[in-house]
Amino acid sequence: RRPSGLLQTVFICSYMFLAPVFGYLGDRYNRKMIMSVGISFWSIVTLASSYTPKEYFWLLLLTRGLVGVGEASYSTIAPTIIADLYIKERRTQMLSVFYFAIPVGSGLGYIVGSKVDDLAGDWHWALRVTPALGLVAVVLLLFVVKEPKRGAIEARPEHTLQRTSWLGDMKALCRNPSFVLSTFGFTAVAFVTGSLALWAPAFLFRAAVFTEGRPPCVKGPCDTSDSLYFGIITVVSGILGVASGAEVSRRLRLRTPRADPLVCALGLLLSAPFLYLAIVFAQASPIATYVFIFLGETFLSMNWAIVADILLYVVVPTRRSTAEAFQIVLSHLLGDAGSPYLIGVVSDSLKQTDSYLWQFRSLQLSLLTCSFVAVGGGAFFLATALFIEKDRQRATNYAPTGAFQKKQSLILSGKLTENTFSFTAMTWGIVLGDE
């Protein structure tokens, strides 16, 4: 169990440590080319990892860590391009569609992985499917996506914004309460999603062994139906969660400018009791467990697009890639970089015997941690609501706004319609990354 958690931890650590590098590059150089190189490298390393011999686990860890290069290059930069293609409500809508890719890609990973394993009888083939699709994403990036000027759509052309050093950017971000607090709130989301991504299928399988008399998996091939069902739940709940979160936020903005952090807080605080019930009911009713997981993940997914939107409107354009990188580092460092391994360590420490009963019980108790972390994340978003108006106004007024009329003419002339092609290509890339 610990090596399984370590595999995820190595990837997340690589991802988060490389994010600042790509954040720095993304604020200063051609973003489209950086993403293209990153995804190409990701595809090659993913394919290479599928040929790792069983006795060389350290090599699998190494290749898994190198996959973080592609993830860091893409996740850090892509939202900033969307920010330079759209504004206001339109930006929120496009970010919602973009962030559909996270649950959809994650869910497809479980679904495709389990099916490929069943058909080929070898899990390595699951790692040989996505690299080819990754090359498609590179082609779309190179020939479809346009490199927009930073801040141009917001009437703040790139040359009018004062560019500061990386250290100056970091100081400014640390003095931004809305950014810092929302990042801590998102860290709770990362902790919970990282724990569930690795351990939920195993927990559901052990629950079936314990309650339904399913035979334990001593030697492969094993029953992968739980991974399949969890993948379907992740896809559907992710789509519903992201869409409902964006819509509730849009409607609530008519009543209060603090709508975004309040909706994020609501999603986390509602997900906590349902995740708790899903874990507790596993020993009594598998159906109830799946229902509660679905509800918990739906509420958990409500904040994906909203958190990204908060970052984009409380941070000036020339610091956005750096801000994305900082948020990635902190949320993963304190979130899903260690949560899978931590859950495994806690489970091992609670296990009194090596029986299947205690394998189930110990994992059940350790997963309860997720509910309490979700409550803490909700509290951080409630604190964000206290500062959001002031920080948004500060970011808006940071640069000269003499080009306002030019921005309006661009919008009215249909410039945003052209940007749809670039947006569609980038969304394809994030689906592949999470798969």
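The values are calculated or read from the model by the stated rules, or taken from the named source; none is laboratory data. Here the structure is a predicted model, which means the values were calculated and not measured. Neighbour counts are summed over all protein chains in view; Cβ atoms, including those assigned to glycine, are modelled from backbone coordinates with ideal geometry. Quick note on the areas: whole protein, heavy atoms, side chains included, nothing else; ligands and nucleic acids left out. Shrake-Rupley method; radii C 1.70, N 1.55, O 1.52, S 1.80 Å.
At-a-glance table
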| item | result |
| --- | --- |
| Residue check for Gly231: within 30 Å of Arg91 (Cβ to Cβ), modelled with pLDDT of 85 or more and surrounded by 19 or more Cβ atoms within 10 Å (Cβ to Cβ) | no |
| Filter result (within 22 Å of Pro273 (Cα to Cα) and crowded, with 23+ Cβ neighbours inside 10 Å) within region 168-186 | Ser182, Gly185, Phe186 |
| Lone qualifier among Ile310, Ile287, Ile328 - being open to solvent by 50 Å² or more (accessible area, probe 1.4 Å) and out of contact with any Leu (no Cβ under 8 Å at 6 or more places or on another chain) | Ile287 |
| Count - residues of region 313-323 that are under 16 Å from the mean Cα position of the chain (by Cα) and open to solvent by 10 Å² or more (accessible area, probe 1.4 Å) | 0 |
| Within region 263-280, tally of residues that are over 20 Å from the mean Cα position of the chain (by Cα) and closer than 19 Å to Ser96 by Cα | 0 |
| Residue, modelled with the lowest pLDDT, within region 4-36, restricted to residues that are surrounded by 16 or more Cβ atoms within 10 Å (Cβ to Cβ) and of a type in the set (D, E, K, R) | Asp27 |
| Subset of region 37-83 [of a type in the set (S, T, N, Q), out of contact with any Lys or Arg (no Cβ under 8 Å at 6 or more places or on another chain) and open to solvent by less than 30 Å² (accessible area, probe 1.4 Å)] | Ser43, Thr46, Thr52, Thr63, Ser73, Ser75, Thr76 |
| Among (1) open to solvent by 10 Å² or more (accessible area, probe 1.4 Å); (2) of a type outside the set (Ser, Thr, Tyr); (3) touching a helix residue (DSSP H, G or I) at 6+ places or on another chain (Cβ under 9 Å); (4) free of Cβ contacts under 8 Å to residues at least 60 places away in the same chain - the single one Val263 does not satisfy | (1) |
| Residue check, Gln327 more than 23 Å from Phe205 (Cβ to Cβ), without any contact (Cβ under 8 Å) to a residue 40 or more places away in the chain and assigned to a helix (DSSP H, G or I) | no |
| The one condition in (1) part of a loop (DSSP other than H, G, I, E, B); (2) at pLDDT 80 or above that Ser371 fails to fulfil | (1) |
| Residue match in region 342-357 (condition: closer than 29 Å to Leu167 by Cα and either at pLDDT below 90 or surrounded by 19 or more Cβ atoms within 10 Å (Cβ to Cβ) (or both)) | no |
| Residues that are part of a helix (DSSP H, G or I) and either touching a Leu at 6+ places or on another chain (Cβ under 6 Å) or of a type outside the set (A, V, I, L, M, F, W, C) (or both), drawn from region 256-271 | Ala259, Asp260, Pro261, Ala265, Gly267, Ser271 |
